[in-house]
Amino acid sequence: MPEMIWKLVEISIIIALLIPMAAMLVWVERRMIGIWQDRLGPNRVGPFGILQSFADLLKILGKEDWIPPFSEKLVFTLAPIIGAVCVLMSFAVIPFAPDIGVSDLNIGLLFFLAMASLAVYSVVLAGWASNSKYALLGGMRAAAQTVSYEVFMGLSVMGVVILSGSFNLREVVLAQSEGWFIQSQFIGCFVFLVAGIAESHRLPFDLPEAETELTAGFHTEYSGLKFALFFLGEYLGVTLISAMSVVLFFGGWLMPAPLDTWLPAIVWFIVKIAFFILFFILLRTSLPRPRFDQLLAFGWLVMLPLALFNLLATAALKLMEVL
Amino acid sequence: MIVRFASIESLFYLAALIAIIASLKVVTQKNTVHALLYLVVSLLAVAVCFYLMGAPFAAGLEVIVYAGAILVLFVFAIMMFGLKNDETKYAPQSKGLTIWLGPCVLAVLLLVALLFSFDSADIQQQLNATVISSKEVGILLYGPYLLAVEIASFLLLAGLVAGYHYAKPDAQGGHL
């Protein structure tokens, strides 16, 4: 019984750290974009504007939580919750450090893929339940985009599974003690990162919420706390994709010999995640948004062959015992 | 981790109960999207059952393939049709009980078969069975069951070719 209570405490701590961190990311993103675009960004609330997210939260809690009378009420309310819950569930299988992590599920990688594919219901149902044209178009784009990029995401990580021989994410990390998988899986890593951006529908792949053409896409009709939940889901999604990239390709908490004693394992893990989050923000500032047909054509014509080639080459090299 | 402390049996029966209720809701709902959502819930509950019976790989694939991909496409298609007002007009529920007769007979036959199989293989024993790893599933699929895998892949290839044929622009540049 004490073990179970300890587990619940661990889960609570992880959630209690993740959610404020996702909120802080909003400020980090706006501030970093500001710096990269040679302006200041939000810098008024607190030192360096660090309390900006707190001010945003207060404002959003004060907004009227409006459910449109023409919407499908139950599904409309459920949709943002599904999104946030699915992303939070995925963090259960992330190994944060040698003895930190909620579950060493033997199908951890499959669990992550499953939660990523369930998260699409949030966007699709939001689009459908809003009963408005913009939202429906956004929801349909999200469905097509996610179902397509899910395929490449699943294929791109199979190289890692071949090399480590396990779906258990902790074993994947431990298998990288000789060298990170990025050495041989650079194509897989590229496909995974692109698919990850598409799955979390961030710029440049944020076609489901493209504001220039669809107002706000699937969350056009949302306001107040429900809108905040969509935002939370998005930023948690960015953190999740960063954490997964680190676990799968960049050795998780592991570092090469002299460096690993400098900082505790969990700190190295967080440093690596922070690097990827900043990379995603930099992508957002620097790349234009493609057209929707270009996005899907790029997926099926470039990403799919790349992922398949990576899988075949990895399997062949593994059989020849080169890797 | 927590599963170990709660009784696995009671979790199994809870998941099975959810699956049955959700499946019943699928066929009695008049709103198509709601019916599909109950189907998703049913599939997730079945995945939990698989996991508790020691088949984690099957559970994972159940969620990824059925709940995460196929039903998303179903919801996608239903959304595109935009069925709003004509849902009760064509719903078979309005035609009385005779239409339920055939499915009911088939379901009862299936239930009898299931009960017989439960009689021989105790469900208790199934729940305590060893966990089958994804490696064993892979070895079985590409060993004794290779022919079935190949036949399934023929079927998928045929579907792919048909899909390509329908989506291909014709001589006038339009679609079939």
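Rule-based calculations on the coordinates, nothing more; no lab input. None of these values were measured; they are calculated from a predicted model. As a convention, Cβ positions derive from the backbone with ideal geometry for all residues, glycine included, and neighbour counts pool all protein chains shown.
So for segment A:171-251, taking the charge dipole from beta-carbon charges (+1 Lys/Arg, -1 Asp/Glu), which of A:ALA195, A:LEU174, A:PHE230 sits furthest toward the positive end?
Towards the positive end, the residue furthest out is A:LEU174.
For segment B:105-111, take each phi angle, set θ = phi - 60°, evaluate the Karplus expression 6.51 cos²θ - 1.76 cosθ + 1.60, and give the result in whole Hz per residue in order, putting x for glycine and proline.
The phi angles translate into 4, 4, 5, 5, 4, 4, 4 Hz.
Just checking the output field for A:99-111: average partner chain Cβ neighbours within 10 Å of each residue's Cβ?
Working: counts 0, 0, 0, 2, 3, 1, 4, 6, 10, 2, 2, 8, 6.
Counting Cβ atoms of other protein chains within 10 Å of each residue's Cβ and averaging gives 3.
Taking Cα atoms, how many degrees apart are the long axis of helix A:133-164 and the longest axis of chain A, rounded to 10 and kept between 0 and 90?
Approximately 10 degrees, to the nearest 10.
Taking the alpha-carbon distance from A:LYS133 and a cut-off under 18 Å, which aspartates and glutamates remain once sequence neighbours fewer than 8 residues away in the same chain are dropped?
Output for A:LYS133: A:GLU72, A:ASP206, A:GLU209, A:GLU211, A:GLU213, A:GLU221.
Got a sec to turn the phi values of segment B:71-79 into Karplus ³J(HN,Hα) couplings, 6.51 cos²θ - 1.76 cosθ + 1.60 with θ = phi - 60°, whole Hz, x for Gly and Pro?
6, 4, 5, 4, 4, 4, 5, 4, 4
Using +1 on the beta carbon of Lys and Arg, -1 on that of Asp and Glu, and nothing else charged, what's the dipole of chain A about the Cα centre, debye to 20? Show your work: numbers first, answer last.
On the way: 18 positive and 23 negative charges, 122 e Å.
With only Lys, Arg, Asp and Glu charged at Cβ, the dipole is about 580 debye.
Dipole of segment A:21-166, Cα-centred, from +1 at each Lys and Arg C-beta and -1 at each Asp and Glu C-beta, to the nearest 20 debye?
Values: 9 positive and 9 negative charges, 104 e Å.
Charge dipole, segment A:21-166, about its Cα centre: 500 debye, nearest 20.
Using a cut-off of 15 Å between beta-carbons, work out the net charge of the residues near A:ILE241 (Lys and Arg +1, Asp and Glu -1, A:ILE241 not included).
On the way: positive: A:ARG202, A:LYS272, A:ARG284; negative: A:GLU29, A:GLU150, A:GLU199, A:ASP206, A:GLU234.
Result for the local shell: -2.
Using DSSP to define loop residues, name the trypsin sites (Lys or Arg not before Pro) in segment A:31-68 whose beta-carbon has at most 15 other beta-carbon atoms within 10 Å.
Working: sites: A:ARG31, A:ARG39, A:ARG44, A:LYS59, A:LYS63; in loops: A:ARG39, A:ARG44, A:LYS63.
The qualifying sites are A:ARG39, A:ARG44, A:LYS63.
Within a 10 angstrom radius of each residue's Cβ in A:131-138, how many Cβ atoms of other chains show up on average? Whole number is fine. All intermediate terms of the calculation are to be shown ahead of the outcome.
Working: counts 2, 0, 0, 0, 0, 3, 0, 0.
Partner Cβ neighbours, averaged per residue: 1.
Relative to the first principal axis of the alpha-carbon coordinates of chain A, what is the inclination of helix A:108-118, with its axis defined by its Cα atoms, in degrees from 0 to 90 and to the nearest 10?
20 degrees
How would A:THR146, A:THR239 line up from fewest to most surrounding beta-carbon atoms within 10 angstrom?
The order, fewest Cβ neighbours first, is A:THR239, A:THR146.
For the residue pair A:ASP38 and A:LEU282, what label-to-label distance in nm results when each label sits 7 Å from Cα along the Cα-to-beta-carbon direction?
1.9 nm
Mean-square fluctuation check for chain A, GNM, Cα pairs under 10 Å: which of A:PHE230, A:PHE48, A:PHE186 is largest?
Maximum fluctuation in the GNM of chain A, among the listed residues, is at A:PHE48.
Could you compute the net charge surrounding A:ARG202? Neighbours are other residues with a C-beta less than 15 Å from the C-beta of A:ARG202; K and R count +1, D and E count -1.
Working: positive: A:ARG30, A:ARG141, A:ARG284, A:ARG289; negative: A:GLU29, A:GLU199, A:ASP206, A:GLU209, A:GLU211, A:GLU234.
After counting each charged neighbour, the total is -2.
Taking the beta-carbon count within 10 Å as an exposure proxy, list A:HIS219, B:HIS34 from fewest neighbours to most. Don't skip to the end; give the middle numbers.
Values: A:HIS219 28, B:HIS34 15.
Taking fewest neighbouring Cβ atoms as first place, the list is B:HIS34, A:HIS219.
Quick one: A:TYR222, A:TYR134, fewest Cβ neighbours within 10 Å first, how do they rank?
The most exposed by this proxy come first: A:TYR134, A:TYR222.
Against the longest alpha carbon principal axis of chain A, how many degrees, from 0 to 90 and to the nearest 10, is the axis of helix A:2-36 turned?
70 degrees
Between exposed GluC sites (Glu not before Pro) in chain A, where DSSP calls loop and at most 14 other Cβ atoms lie within 10 Å, what's the longest gap?
Working: sites that count: A:GLU64, A:GLU321.
That would be A:65-320.
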